[in-house]
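Trainee: Quick one: structure below, then a few questions.
Bear in mind these aren't lab numbers, they're just calculated from the coordinates by the rules spelled out. Remember, predicted model here, so these are calculated numbers, not experimental data. A quick note on method: Cβ atoms are made from the backbone with ideal geometry, for glycine too, and the neighbour counts reach across all protein chains shown.
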């Protein structure tokens, strides 16, 4: 049988750092209140390096670390720190686009976070999942797709293919092309849902109609197998 893979990469789209593609209540051991509490307690980036990061570093080392944490700083326009603060304020005010974008920043490590003991994290999938969850609750398709990916991969939340299917379905029904392809793959493989080749084809066709190359390849493979 032809094996398909779920699209597991978080896709980034301008402006800022916006996922192209994650609600139901999570099945992790966090309650809704715990998730929301976590999303409001992160350490945020600022235009100057925090003392706990820069202590003991030479000027050259500080400059290198600053570029890693706040890349692309220019004299014209807002700095990355200023952009982040605006996004954070919008996310806290309930903007689903900003919440999704903030989730991407914590997933990729562009935004700084640390543990309760002060350990700086390269990235924070749990915090990312919390922001995706808040955005997905409002019906934002990109966040539903992203949270679906995290459930599929077991990143930031316990792996749960049933939840992944539900989230992909919500995004796919809004026309999210990568969610449509993923949903087709899961129906074809019977992951998180009863295997149904007809439904797999249906979702692949929807994605292919929007130009998704993976869906086109999947359709061709299914039709080739059916003709044998």
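Trainee: What is the packing order of peptides 119-128, 182-191, 143-152, taking the mean over residues of other C-beta atoms within 10 Å and listing the highest first? Numbers along the way, then the final one.
Mentor: On the way: 119-128: 17.9, 182-191: 24.1, 143-152: 30.5.
By packing density, highest mean first, the sequence is 143-152, 182-191, 119-128.
Trainee: Which of the three applies to region 114-180, rounded, prolate or oblate, going by the alpha-carbon gyration tensor with a ≥ b ≥ c and a/c under 1.5 meaning rounded?
Mentor: Working: a/c = 2.87, a/b = 2.07, b/c = 1.39.
Because a/c hits 1.5 or more and a/b exceeds b/c, region 114-180 counts as prolate.
Trainee: Using label points projected 7 Å from each Cα along Cα→Cβ, tell me how many nm separate residue 202 and residue 79, to one decimal.
Mentor: 5.3 nm
Trainee: Which percent of Cα pairs goes in each bin when the distances of region 93-228 are cut into 10 angstrom slices starting at zero?
Mentor: That works out to 14, 36, 30, 14, 5, 1, in percent per bin.
Trainee: Further question on the same structure: Sort 132-140, 89-97, 171-179 for me by packing, meaning the mean count of neighbouring Cβ atoms within 10 Å per residue, highest on top. Write down the numbers at each step before the final one.
Mentor: On the way: 132-140: 24.6, 89-97: 15.3, 171-179: 21.7.
Ranking the peptides 132-140, 89-97, 171-179 by packing returns 132-140, 171-179, 89-97.
Trainee: So how much slack lies between residue 162 and residue 224, counting 0.36 nm per residue of separation and subtracting their Cα-Cα distance, in nm? Each step should come with its number before you reach the end.
Mentor: Numbers: separation 62, 0.36 × 62 = 22.32 nm, distance 2.89 nm.
19.4 nm is the gain from fully extending residue 162 to residue 224.
Trainee: Assuming R0 = 35 Å, can you tell me the calculated FRET efficiency for the pair residue 58 and residue 86, based on Cβ-Cβ distance, to the nearest 0.05? Numbers along the way, then the final one.
Mentor: On the way: r = 32 Å, r/R0 = 0.91.
That pair, residue 58 with residue 86, gives E of 0.65.
Trainee: Along the Cα-to-Cβ line of residue 209, 7 Å from the Cα, sits a label point; which residues in region 157-192 have backbone N less than 12 Å from it?
Mentor: Of the residues in region 157-192, 175 have backbone N under 12 Å from the label point off residue 209.
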